[in-house]
1. Using modelled amide H (1.01 Å from N, peptide plane; none on Pro or chain starts), what sits under 5 Å from the amide H of V212, excluding residues fewer than 5 places away?
2. With all protein chains present, how much of the accessible area of the chain (probe radius 1.4 Å) comes from carbon and sulfur, to the nearest whole percent?
3. Run the dipole for region 289-402 about the Cα centre, Lys and Arg Cβ at +1, Asp and Glu Cβ at -1, nothing else charged, and hand back the magnitude in debye, nearest 20.
4. So how far apart, in nm, are the two label points at E129 and L159 if each is 7 Å from Cα heading toward Cβ?
5. Could you give each residue of region 431-436 its phi-based ³J(HN,Hα) in whole Hz, using Karplus coefficients 6.51, -1.76, 1.60 with θ = phi - 60°, and x for Gly or Pro?
6. Taking θ as phi - 60°, what are the ³J(HN,Hα) couplings along region 28-38 by the Karplus curve (6.51, -1.76, 1.60), each to the nearest whole Hz, with x for Gly and Pro?
7. Given Cβ point charges of +1 (Lys, Arg) and -1 (Asp, Glu) and nothing else, what value in debye, to the nearest 20, does the dipole of region 427-541 about its Cα centre take?
8. Work through the residues other than P128 whose Cβ is under 9 Å from its Cβ and net out their charges, Lys, Arg +1 and Asp, Glu -1.
Amino acid sequence: MSRILPVNLSDLLHARTVESERIEFKASWDPDSTGHQVLRTICAFANDYHRLNGGYVVIGVAEREGRAALPPRGLDGTDVEAAQRWISGRCRQIRPPYQPVVSPEVVEGRHVLVVWAPGSDVGGHRAPEGPKGSSWRYWIRLGSDTVDAERAGALTALLEQARRTPFDDSLAREAKIEDIRESKVREHLRQAGSDLLEEPEAHSIFRRMRIVGAANGYVVPRNVGLLLFSSDPCEWFRGARIEVARFADDRAGDVQDARTFKGGLAEQVRDALAYLDNLSGTLVRKNADRPEASAWQRFPGDAVREALVNAVCHRSYREDAPDPVKVNVFPDRMVIASYPGPVPGIRRRHFAADAEPPEAAPRNRRIAEFLKELRLAELRLSGIPKIFRTMEANGSPPPEFDFDEDRTYFQVTLRAHPIHAAVSALRDIAELRAIGQTEEAKRRLKAAWATNRGSAALAIEMVTLHANRGSLPDAEAVFEAFAEAADPSHTPRVGNVLAAELLRTGRTAEAGTLLDQLAASASGRDAIEAGILSRRAHLTDLARRHFEQAGGVLLDDPRGLLEYCQNKLDLARAAHRSGRRTVNRRLLEETETLLRRVLRLDAHSVRHAGAWREMARTLEWLGRPAEEVAAAHRRAIELAPREDRFRAALRDYEERAGE
C-alpha cells in the first residue's frame with residue numbers, strides 16, 4: 001500500500017476530485033517515445049500555466065474518451081523500476097531543476113506508476129523536446145494537451161507569472177511548523193480516503209502534502225497549511241472566517257441571529273453549511289392529481305454549497321483583504337459576498353447559465369484542491385453551471401452574480417423558492433397584524449408582492465387588501481399581474497377570490513365573465529370553489545361545468561358535493577319548466593345518488609342536515625311516498641334542531657301534502 005499520494009487513487013483514476021485535463025494516461029512504458037512525452041508533460045504541470053496546481057501522469061493505464069480504461073494494462077516489475085529511474089534521471093535535465101513525486105501503485109492486481117507533478121514554486125521550467133540534442137522548450141498545458149508555450153503565444157505570460165507564487169502556496173515565514181495541527185491533517189486524509197494516512201511521521205505527511213516548505217534552512221508552513229489545518233487561521237489572515245447574519249426582513253439592523261464560523265477553512269464551510277441547511281428547510285406539498293408529494297427547499301443545499309465554497313476558494317486572504325466571507329439571509333433571498341471581486345479576465349457575461357468561462361488563473365490554486373478532495377468543491381468550471389441547474393431543478397429563480405467596476409467585492413444572490421418566500425412573508429404579516437402594526441404589515445405585504453408576483457397566497461392578500469379599501473380596479477390589476485407571472489394552473493385560486501369580491505359588491509356580470517374565463521384552467525378544489533361562486537351568480541350551467549371539471553376530488557368534498565347537488569336541483573327545475581321530463585328525471589335520480597354519498601362522508605351535522613333537506617326536496621319531486629319525504633325533513637331537524645329553516649321546510653311540505 002502506497003503512503004505517498006495525498007489523494008485517493010480510485011478518485012484520481014475516475015477524475016472525481018481532479019479534473020480530467022490534469023490527468024494524462026499512458027498505456028505502456030517506452031523510454032524512447034513515452035518517456036519524452038512524460039517528461040514534457042511533467043514540465044508543463046510544473047509550470048502550472050493556469051494555476052491549477054499541476055497534475056498527474058498515470059503509466060500503465062490506457063485512456064478511453066478522456067477517462068481511465070479499467071482494468072489497467074499494467075506494467076511488469078522491470079518496467080516500473082526502469083520508468084522510475086528514467087523519470088528521476090531525466091527530470092534533472094529540467095531547468096530550473098524540478099522533481100515530481102513518483103509513486104508505484106497496484107490497481108486491480110496490476111502494477112502502475114503514478115507521477116504527481118504539483119505546480120512549482122519557481123516556475124518558468126524548460127525541458128528538451130525529444131532525445132539528446134533536441135531544443136529546449138517551455139511546456140504548458142492547454143486543456144488536455146501539452147504544448148510549447150512560445151508557439152502557443154503564451155511565453156511572455158508564463159514568464160511573468162513565474163515571478164509570482166500564488167498566495168496560498170507561499171511560505172508563512174512568521175509561523176512555525178507546530179502551528180499546523182497533525183490531528184486536523186490526519187482527519188483530512190481520512191475523509192479524503194488517502195493511504196498517506198498510514199504514514200506514522202507527521203512532518204513526512206506535511207512535506208508530501210506540500211503544506212510546508214523550506215525557508216532559510218528552516219521548515220515553515222505554507223499559507224494553505226495554516227488556512228486548512230491550523231486552530232485559528234485568523235491569527236495570520238484577518239478575514240479567514242465566515243459570518244452569517246439572519247434578518248427578519250429588509251429593515252436595516254433588524255438582525256434575528258448572527259454567527260461566526262472559524263477554524264480551518266473546511267471546518268468553516270461544513271459548519272456554516274449545516275447552519276444554513278437548518279435555515280433553509282424543506283416544504284412538502286401533497287398533490288391532488290398524483291400520489292407523489294412535491295418538495296422544495298427554501299435555498300437548495302447544492303446551490304448554497306457551491307456559492308459558499310466559491311467565495312472561500314476565490315477570495316483574497318492577504319493583509320489588504322481583512323473582510324470575512326459574509327452570508328446575509330433574508331426571508332426572500334440569501335446573499336453570499338466575498339472580497340475582492342473576480343480576477344482579471346472574468347467578465348459579467350461569464351456568469352450566464354450557458355456561458356463559457358475563460359481560462360483565467362484562479363487567485364488560490366491550492367485551497368480548491370483540498371476542498372475537492374473532501375467533495376466540498378466541484379471540479380473546475382463546473383460550480384457556476386451547477387448553481388444554475390440546482391436552482392432550476394428546485395423551482396427557484398435563477399442565481400444572480402454581481403461585482404462592482406473596481407472589483408472590490410463579488411456576491412451571489414440566491415432567491416428563495418417562491419412558496420417559501422411567500423410563507424415567510426405571510427408569517428411576518430400575521431405577526432405584525434397581531435401586535436397592531438397594520439401599516440407595517442401592509443408595507444411588508446406590498447414589498448413581498450413586488451418581488452414575488454407569481455405567489456398565489458400573496459396575490460390573494462393583495463386582492464383582499466384592495467377590496468377592503470373599496471379599490472376593486474387595483475384588485476383586478478393585481479390579478480392580471482399574477483396571471484401574467486404565475487403558472488396558468490394557479491390562476492383560478494386567485495381568480496376565485498376576486499370573483500367573490502365582485503359578487504360581494506354587486507358586480508355580478510363582471511364576476512360571471514371572470515368565472516367563465518377560469519373554466520378553461522380550473523380543476524380540483526379551485527374548480528369546486530368556482531362552481532360555488534357561479535351558483536351565487538345564478539349561472540347554473542357554468543357552475544355545472546366547474547363542478548364536473550373538479551373530477552374525483554368533488555366526490556370526497558361534502559361541501560362541494562352538496563352544492564353540486566343543489567345546482568343539479570336548479571337544473572332539474574329548469575328542465576321541468578321547459579317540458580324536458582326525461583332530463584328532469586335523470587337529474588333528480590343523479591342528485592339522490594350523490595346526496596346519499598354526502599351523507600356517508602365525514603361532515604358537520606349542519607351540513608348533513610342540509611343534505612337531508614335537499615334529499616326531501618329530491619324525493620318529493622321524484623314522487624316518492626309522503627312518509628319517505630317527511631322522514632327526510634325530520635332527519636334534517638334532528639341533526640340541526642336550532643335551524644328554524646328546516647322546521648319551516650317540513651311545515652311547507654305538510655301543507656302541500658295536505659292539500
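The values are calculated or read from the model by the stated rules, or taken from the named source; none is laboratory data. Keep in mind that what you see is a predicted model, and the values were worked out from it rather than measured. Here the Cβ is made from the backbone with ideal geometry for all residues, glycine too, and neighbour counts use every protein chain on show. Accessible surface areas use protein heavy atoms only, side chains included; no ligands, DNA or RNA. Shrake-Rupley method; radii C 1.70, N 1.55, O 1.52, S 1.80 Å.
1. R222
2. Percent of accessible area from carbon and sulfur atoms in the chain: 47.
3. Working: 18 positive and 17 negative charges, 58 e Å.
Once rounded to the nearest 20, the dipole reads 280 debye.
4. For the pair E129/L159, the computed spacing is 1.8 nm.
5. My calculation for region 431-436 gives 5, 5, 5, 5, 9, x Hz in order.
6. 8, 10, 8, x, 7, 10, 4, x, 6, 5, 5
7. Dipole about the Cα centre, nearest 20: 340 debye.
8. Values: positive: R40, R90, R126, K132, R137; negative: E129.
Its environment carries a net charge of +4.
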